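The values are calculated or read from the model by the stated rules, or taken from the named source; none is laboratory data. Predicted model only: the values in this text are computed from it and were never measured. Here the Cβ positions follow ideal geometry from the backbone for every residue, glycine too, while neighbour counts run over all protein chains shown.
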Amino acid sequence: MNFLLLGIWFSVSLILLWVTPEVTSSWWYMGVVGSSASRVMCNNVPGLVSLQRQLCHRHPEVMQSIGLGVSEWTAECQHQFRHHRWNCNTLERDQSVFGKLILRSSRESAFVYAISSAGVVFAITRACSQGEIRSCSCDPRREGSARDNKGSFDWGGCSDNIDYGIRFARAFVDAKEQKGKDARALMNLHNNKAGRKAVKRFLKQECKCHGVSGSCTLRTCWLAMTDFRKTGDYLWRKYNGAIQVVMNQDGTGFTVANKRFKKPTKTDLVYFENSPDYCMKDRLAGSLGTAGRVCNQTSRGMDSCEVMCCGRGYDTSRITRLSKCECKFHWCCAVRCKDCLETMDVHTCKAPKTTGWTNQR
Ligand SMILES: *[C@@H]1O[C@H](CO)[C@@H](O)[C@H](O)[C@H]1NC(C)=O
């Protein structure tokens, strides 16, 4: 009898171990849980490690901006990958947000880590400048006066406090990887850092003119972040030039996998494992497959029907939609258009022929 109970207890714990979501979840899920009731939120994101949970309880306003930022950087990720088989799609009601991708060390995973950590820096820094975070303010070190060929000017408008954003992002985002020191942790830490640095590249000087009727002999200047698209475009180029690495013998770091290529610098993205082709649905590989994706019949690139549909062919449907047409300019100042019905063909990739359930892993 006792043995029976022990057996049951054993199987139950095994099942619990199996379904525990801890492994595949991360702070990325904060965007889904929402950021209104912060105390509740901190306890409802299963993937937070204890340091992250502490920061979450201590800095509710920062968490709010991080949570709101998630939809921005995922949208940027989806924009960059819109023509690709893997399109940075998020999975609804899935705590891993990107599926099993989080467990991979592919190039796409490198990009997601970089852009998510960049997104955190961006969101916190902006919230800071907008006065939404009590523990930070404008960057105090950007003050004083300077001179250039156009005259003298003061520093000291409210410069975006990107160093605060970077410090907080490092503490919060890196906390998970600080726990384990395996290969994937090293890779994630490297890409997180590359992401944080990327935002800083695009600080730009903004000035306001003072002086007699806009003569601009006196200026007040400050540093401000530019559109997040700039960071997205930059990280996209880094994704395309990402460097494959292998672990050192002693396991303390990594080196370039192919000695003919250059060593990664701090701004490069690094990855360990080759990507799957993302043609088929394969949950373990973080691939949703391309069945049902829209493709471009005239393109010769990644979004062409040939490449996108992996040679499986595509379906064409004719859709009609309302659009503005025959727009005329009327003096002054209005543009009036007619509503026209526009017919267009939409091509979508066929699903793979079912060969049993093997691809549906
Ligand atoms: C399809 O690709 C062509 C060539 O790259 C491009 O000019 C066109 O705008 C694309 N069409 C759509 C609907 O994206």
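What to note about this one:
- Under the condition of being among the small types (G, A, S), crowded, with 19+ Cβ neighbours inside 10 Å and free of Cβ contacts under 8 Å to residues at least 60 places away in the same chain, the residues counted in the stretch 45-91 number 2.
- Filter result for Y271 (on the phi < 0 side of the Ramachandran plot, without any contact (Cβ under 8 Å) to a residue 60 or more places away in the chain and not acidic (D, E)): no
- Counted residues, the stretch 285-315 - those being under 20 Å from M344 (Cα atoms), under 27 Å from the mean Cα position of the chain (by Cα) and either more than 16 Å from the ligand (Cβ to nearest atom) or not in a loop (DSSP other than H, G, I, E, B) (or both): 7
- Only residues that are assigned to a loop (DSSP other than H, G, I, E, B) and free of Cβ contacts under 8 Å to residues at least 24 places away in the same chain were counted in the stretch 228-248, giving 1.
- Unmet requirement for C279, which otherwise passes all of (1) away from the ligand (no atom under 16 Å from the Cβ); (2) more than 14 Å from K350 (Cα to Cα): (2)
- Of the criteria (1) assigned to a loop (DSSP other than H, G, I, E, B); (2) under 28 Å from R237 (Cβ atoms), which one S135 fails: (2)
- Conditions (1) of a type in the set (D, E, K, R); (2) over 30 Å from A198 (Cβ atoms); (3) free of Cβ contacts under 8 Å to residues at least 24 places away in the same chain: number failed by K263: (2)
- Every listed requirement among (1) within 16 Å of the ligand (Cβ to nearest atom); (2) not in a strand (DSSP E or B) is met by V346 save one, (2).
- Flag for R321 being loosely packed, with under 10 Cβ neighbours inside 10 Å, within 16 Å of the ligand (Cβ to nearest atom) and over 26 Å from R85 (Cα atoms): yes
- Residue match in the stretch 249-259 (condition: at pLDDT below 90, in a strand (DSSP E or B), of a type in the set (D, E, K, R) and away from the ligand (no atom under 16 Å from the Cβ)): no
- Here V40 meets each of (1) more than 28 Å from D277 (Cα to Cα); (2) at pLDDT 80 or above with one exception, condition (2).
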